[in-house]
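The values are calculated or read from the model by the stated rules, or taken from the named source; none is laboratory data. Quick caveat, the model's predicted, so the values are computed rather than measured. Here Cβ is always computed from backbone atoms with ideal geometry, including for glycine, and neighbour counts include all displayed protein chains.
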Amino acid sequence: MNIKIPEYLLKMPTYLPNDIEGMIFTYPNKFPLIKKRYEEVAKKYAMDPAGFREYGDSQKAELVVALDNLKKEYEEHKDKDLEYMVRMDQRLNKLFCFRFWIVNYLFADGPIHSFYVDNLKLLIRKLVKADETEKYEAKVEEIIQTLLQSDYADEYLQQALDCNTALNELKSIKEIESNLNKVTRLIDEDPMKNVNDINNIWKEVWEVIQNNEVIGKKLRHAIYQVKFRSSMLPLYNILTHTIEFRKENLQLQEKYDNMHLKIEEIFNKAKKELSADEYDLLKMSYEQAKNFAMYKDVMGAVDGKLIPFWFGIHDEIRDILKKSNPNMPIKSVGQAGMFYYLVWYLPTDLKSIVMTPDFTDFSLENL
Amino acid sequence: MEKEYIDITPHRSIMCKISQTGYSVQEAISELIDNSIDARLENEKLTIKVTINKEHIIIEDTGKGMNKSQAKDSIRLGYSSKKEKLGEFGLGLKTATSFLGEEFVLKTKQKDLSEEYIIKYDENEWLEKGDWFKFPFIIEEKNDKTHGTIVKVNKIKIDLTDELLRKIKEELGRRFAPFILNDEIYLYFNGEKCEVPKPDIIEGTKKEIDIKIGKCEIKGWWAYQLAGYNKSYYGFNTFRRGRLVTVFDKIGLTNNQEIKQIIGELEISGVDITHDKKGWVKTSEEYKQVEEKLMEYFKEYEYKPKRLLTGYPASKGKVIGTVRQVNMFHAGNMEQEIKKVNKGDIIVTAMTRPQYLIAIRRAGGIITDLGGTLCHAAIVSREFGIPAVVGTNIATSVLQDGQKVIIDGGEGVVYEY
């Protein structure tokens, strides 16, 4: 293999496209060691797809453990004052920066990602042959979309595919047959207009199916949402989705099942048409693009736990600060909200906690 | 000068070669259905059943069946007594069956006749010892009141996949839509009724067309399609004598942004079609007249939209839709956000989250502030075939809820509508 990534692409980026909260400006200032850590792993895994996956898994494992620990500690802590909350936010930022941000943003949206996506697009343009411009462009576009899509089923797709099994299971339960027919009619007629009647039926159906293991497993994401949102609507929505998109979901399954064959075919053609170096680069570009997209999903799976906890702390801090700052605007905030919004209203001593650089390295023990 | 008379009887292989027309399976089966439709009985709804499996393809109908001389002629290449009907070229039975399999058996019977006529064709046997002048024609006694024709193709040549079977069913519903909608035929595919797909059009945009030009006539409707389509999927389903000729035909349409959202159905008369029935004879004067007239008609609908935003072209396709600002980024009231999205709306959000799946599935397009080629929004929109422009940075600030926009997911541009 003769692939070379220019050195400058392995350096800490100064801009990220997927960065509405400006973490690329905040984090290297707050946690200066992140630069070194990222550049080490960038060098190590930029051309090692299997290594990157191992690295991603290890980061997620630590992220989950640390998050659970922090959450437990926070819940058990009595008399939480503002300082404790601010310090907890800073610990969450450090965890997020070292164990989430590298995989999910610096790799997946950064210069290494651009290098591979650009090369994948360029090589496909070389691979495709067609006499007419329109046909050529259409073919190029189709292959690029297929390769960028890859044969990985992310959480969105997996949810849609799981609905196929859930629907079969629902159909096999005799006690809900008439309700299922009724709700199907209502959904086919107009799922938005009939939403109240639909949800009333789901309420009755849920009474019967709530202990069904298959349904419990396949609709687990929605059931999880029900628990932490204290509302049955996420579950009713996914049940409606199961019926509303039943035909499309079957087609998705078929498309997904055939995806690996389609990709194999592209690479067989590439092997014949491209030089050995180009083929290797295409293969590597595909593998890494797939990895980056996949690990966005893998890491994103902790959102369900992370966001309510972290944003909940922000809400509590904001409510306290509002009392002494009546003119404070009410804004929704993201992960880095402390740095660009809440910090302006903190007492001076707490401001300095937020704005003082943290030169220590990350470890589970000293978090 | 010397003049000789030579034998130009076609070579036997012509029977096989005529099937090499670049048919799709759907087109070949449609040829056989055409023959069934031509054999409708007056005042009686015709039932056509298409059965396909790995062993054979069967097309059976409850039509009037053929009499002896019609049955004999049915195997003759290029012979047709059916002027002004669908099977006007006398080629369909031979080309279609030959394309689909190595053997076919045709059985036909009329209600008041006590005979059933049978034709068996075996490609290999024909190539080896077929005789243009001595083709076997079987007559069997059958004393019942049944009627209709059945064509059974054996030793099939095509590779059947589930996806292909699904496509055939869908396309048959679309191809024979006028007959199904006029209640003239029941069309079944592997035991299931073929449904006519409902066009997804923007409410209130449907317009009727009725144009006469010389001996040609164009009748039908057109409308702007709802979001969610690939950018080449626009244009007309064109029909001749109620039978689909072309899909997404761009006749009379330009590449203009607005024009590229048009779909419709046109019944065109007075223009010839090609012998394989796959298209119109575009070199004919009549076709040119129709094309010119349609172009003139659609001229006033051309429009040059203003570019509003650019971003990463995440998922190809071009759609028009209404902007719905959905807040998926911060923990808000998820249910309220989901409720905002009607079918075909354009979701405008900072980023997408899996909990909003149902809204995303209903959406016609997605525009995000954040993200690149591999972000969630890009992946999910490609998965579900929804056009998307991501990483615009400013979409949630610039686009207003309720505003109509055009998304070009292939180019990464959002236009004002």
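Things to note:
- Single match in B:Leu164, B:Leu172 (criterion: within 25 Å of B:Gly279 (Cβ to Cβ), among the aliphatic types (A, V, I, L, M) and buried (at least 18 other Cβ atoms within 10 Å of the Cβ)): B:Leu172
- Test result for A:Lys129, more than 10 Å from chain B (Cβ to nearest Cβ) and modelled with pLDDT of 90 or more: no
- If you check B:Lys85, B:Lys107, B:Lys167, B:Lys94 for being closer than 24 Å to B:Lys45 by Cβ and modelled with pLDDT under 90, only one passes: B:Lys85.
- Subset of the stretch A:266-293 that is modelled with pLDDT of 90 or more and within 14 Å of chain B (Cβ to nearest Cβ) - its residue that is nearest to A:Ser150 (Cα to Cα): A:Lys290
- Where helices (runs of 4 or more DSSP H) fall entirely within the stretch A:170-274, those with at least 2 residues that are under 28 Å from the mean Cα position of the chain (by Cα) and in contact (Cβ under 8 Å) with a residue 40 or more places away in the chain are at A:213-218, A:220-229, A:233-244, A:246-273.
- The residues of the stretch A:158-179 that are β-branched (Val, Ile, Thr) and in contact with a helix residue (DSSP H, G or I) (Cβ under 6 Å, 6 or more places away or on another chain), listed by number, are A:Thr165, A:Ile176.
- Given (1) more than 12 Å from every other protein chain (Cβ to nearest Cβ); (2) among the hydrophobic types (A, V, I, L, M, F, W, C); (3) within 25 Å of A:Thr242 (Cα to Cα); (4) under 34 Å from the mean Cα position of the chain (by Cα), index of the condition B:Phe298 fails: (3)
- The stretch B:143-190, subset hydroxyl-bearing (Ser, Thr, Tyr) and in contact with a strand residue (DSSP E or B) (Cβ under 7 Å, 6 or more places away or on another chain), residue nearest to the other protein chains (Cβ to nearest Cβ): B:Tyr188
- A single entry from A:Lys290, A:Lys296 fulfils the requirement of being within 12 Å of the chain's Cα centre (by Cα) and more than 30 Å from A:Pro347 (Cβ to Cβ): A:Lys296.
- Matching residues, the stretch B:170-226, being more than 23 Å from B:Arg362 (Cα to Cα), part of a loop (DSSP other than H, G, I, E, B) and of a type in the set (A, V, I, L, M, F, W, C): B:Phe176, B:Cys194
- Elements of type strands (runs of 3 or more DSSP E) in the stretch B:276-382, at least 1 residues being surrounded by fewer than 24 Cβ atoms within 10 Å (Cβ to Cβ): B:307-310, B:312-315, B:318-325
- Within the stretch A:145-164, considering residues that are without any contact (Cβ under 8 Å) to a residue 60 or more places away in the chain and buried (at least 20 other Cβ atoms within 10 Å of the Cβ), the one nearest to the other protein chains (Cβ to nearest Cβ): A:Tyr156
- Among the residues examined, A:Asp319 does not qualify as without any contact (Cβ under 8 Å) to a residue 40 or more places away in the chain, within 14 Å of chain B (Cβ to nearest Cβ) and not in a loop (DSSP other than H, G, I, E, B).
- Note on the stretch A:128-159: residues that are small (Gly, Ala, Ser) and under 20 Å from the mean Cα position of the chain (by Cα) total 2.
- Tallying residues that are buried (at least 20 other Cβ atoms within 10 Å of the Cβ) and modelled with pLDDT under 90 within the stretch B:146-161 yields 0.
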